[in-house]
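The values are calculated or read from the model by the stated rules, or taken from the named source; none is laboratory data. Values in this document were obtained by computation on a predicted structure and should not be read as measured data. Cβ sites come from the backbone with ideal geometry, for glycine too, and all protein chains shown count toward neighbours.
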Amino acid sequence: MKRILVTGALGQIGSELTLRLRDIYGASNVMATDIRQNSSEAAQSGPFEVVDVTDFKQMMETAKKYQADTIMHLAAILSASAEAMPVFAWNLNMGGLLNALETARELKAQFFTPSSIGAFGPTTPKDNTPQDTIMRPTTMYGVNKVAGELLADYYFNKYGVDTRGLRFSGIISYVAQPGGGTTDYAVEIYYKAVQERKYTSYIAKGTFMDMMYMPDALNAIIDLMEADSCRLIHRNSFNVTAMSFDPEGIAASIRRYIPDFKLDYDVDPSRQRIAESWPNSIDATAARQEWGFKYEYDLDKMTEDMIDKLRQKLRLEVPKL
Ligand code: SER
């Protein structure tokens, strides 16, 4: 039976992953931790402790107390926030990761942490970006992610810690909103579409980035962690993606359900610069071959579900056409 410790459990991915893990492995076997507590289901539906991931002692004591045999380390700050606070980002993203890896080493625990398309940079091949390629990111977030991938591989090679990771793209969900990321526009656009039928994009027309719907991202994490270790040639981290679009592409998909939806632009130079340094689309062949990665939601299927779920969440009437 797994005993899983999740850090960053109240973040965008953590708040849904925690609930999925509790469904699968039992509520009492999934210890949610975050820097803050709130009244969300992730904080209330099972064990929860406030843990600052930069405090090694606190993390280790919590993991030991719960006899964790799996650590899912999600606590981190995203690309745009990291660019605004690079030293803080280094300390949190790298310090937190090192503490989590050390905890996994001492407890002989299996380990997961997400990497990102942000690990790639302007000299990386832009289209159908291979699993193994040039990785010279120009953002602090990207530097953290590349260093993090190498560090997690180091813990596998040197100490035998069963480390695994995914290079996530933009993750889209109607539950918890992301914060401080470059791909966040692809979540905001759905909220604005159902509330106001218009959206002003801070990402420019023609800027393509990979994206995935949350249910597919959660399945990918669980499938990777359940995969037979012998099959894994790569570990940290696998390219995974379900779609690639620019703001025009997602707007066109929204118009299938909200025909009078309007999109205009007020480009944020800082987030645009980050987006332009990332691939247009990445190749997930290695993930498919080594552990059977698959996804269910393409852009239109995701759009239909997002609009439907957001209308329920925000209790909006379906407009009469
Ligand atoms: N979604 C992240 C960001 O925009 C990328 O992994 O920062």
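In the stretch 187-202, how many residues are touching a residue at least 24 places away in the same chain (Cβ under 8 Å) and either farther than 14 Å from ASP260 by Cα or among the β-branched types (Val, Ile, Thr) (or both)? Can you show your working first?
So in the stretch 187-202, the residues touching a residue at least 24 places away in the same chain (Cβ under 8 Å) come out as 189-191, 193-195, 197-202.
Remaining after also requiring either farther than 14 Å from ASP260 by Cα or among the β-branched types (Val, Ile, Thr) (or both): 189, 191, 194, 200-202.
Total satisfying the criteria: 6.
When the stretch 190-216 is limited to residues that are under 25 Å from ASN128 (Cβ atoms) and part of a helix (DSSP H, G or I), the one that is farthest from the ligand (Cβ to nearest atom) turns out to be PRO215.
Just to check your reading of the model, which residue among LYS64, LYS57 is out of contact with any Ser or Thr (no Cβ under 6 Å at 6 or more places or on another chain) and without any contact (Cβ under 8 Å) to a residue 12 or more places away in the chain? Walk me through it before giving the result.
On the way: LYS64 fails: without any contact (Cβ under 8 Å) to a residue 12 or more places away in the chain.
Every option except LYS57 fails the conditions.
When residues in the stretch 159-183 are screened for being more than 16 Å from the ligand (Cβ to nearest atom) and closer than 13 Å to ASN236 by Cβ, 4 of them pass.
A single entry from PRO125, PRO178, PRO137 fulfils the requirement of being exposed (fewer than 15 other Cβ atoms within 10 Å of the Cβ), of a type outside the set (Phe, Trp, Tyr) and closer than 21 Å to ILE274 by Cβ: PRO125.
Per the listing THR138, THR133, THR123, the residue uniquely more than 21 Å from VAL6 (Cα to Cα), assigned to a loop (DSSP other than H, G, I, E, B) and within 16 Å of the ligand (Cβ to nearest atom) is THR138. Is there any pair linking a residue in the stretch 1-21 that is touching a residue at least 40 places away in the same chain (Cβ under 8 Å) and over 15 Å from PHE48 (Cβ atoms) to one that is basic (Lys, Arg) and in a loop (DSSP other than H, G, I, E, B), with Cβ under 9 Å and at least six apart or on different chains, and which? Correct list of pairs: empty, since none qualify. VAL87 meets all of the listed conditions (1) within 16 Å of the ligand (Cβ to nearest atom); (2) part of a helix (DSSP H, G or I) but one, namely (1).
Rundown of residues vs (1) surrounded by 20 or more Cβ atoms within 10 Å (Cβ to Cβ); (2) within 24 Å of TYR265 (Cβ to Cβ); (3) modelled with pLDDT under 95, yes/no style:
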{"residue": "SER201", "(1), (2), (3)": "yes, yes, no"}
{"residue": "LYS205", "(1), (2), (3)": "no, yes, no"}
{"residue": "TYR213", "(1), (2), (3)": "yes, no, no"}
{"residue": "ALA220", "(1), (2), (3)": "yes, no, no"}
{"residue": "LEU224", "(1), (2), (3)": "yes, no, no"}
{"residue": "ARG231", "(1), (2), (3)": "no, no, yes"}
{"residue": "ARG235", "(1), (2), (3)": "yes, no, no"}
{"residue": "PHE238", "(1), (2), (3)": "yes, no, no"}
{"residue": "THR241", "(1), (2), (3)": "yes, no, no"}
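Of the residues making up the stretch 77-115, those that are among the polar types (S, T, N, Q) and farther than 11 Å from THR163 by Cα are SER79, SER81, ASN91, ASN93, ASN99, THR103, SER115.
If you go through the stretch 13-28 and keep only what is out of contact with any Gly (no Cβ under 6 Å at 6 or more places or on another chain) and buried (at least 20 other Cβ atoms within 10 Å of the Cβ), you end up with ILE13, SER15, GLU16, LEU17, THR18, LEU19, LEU21.
In the set ASN99, ASN144, which member is outside any loop (DSSP other than H, G, I, E, B), without any contact (Cβ under 8 Å) to a residue 60 or more places away in the chain and of a type outside the set (D, E, K, R)? Before the answer, list the steps.
Details: ASN144 fails: without any contact (Cβ under 8 Å) to a residue 60 or more places away in the chain.
Of the residues listed, the single one that is outside any loop (DSSP other than H, G, I, E, B), without any contact (Cβ under 8 Å) to a residue 60 or more places away in the chain and of a type outside the set (D, E, K, R) is ASN99.
Residue check: VAL175 meets all listed conditions (1) in a loop (DSSP other than H, G, I, E, B); (2) at pLDDT 95 or above but one, namely (2).
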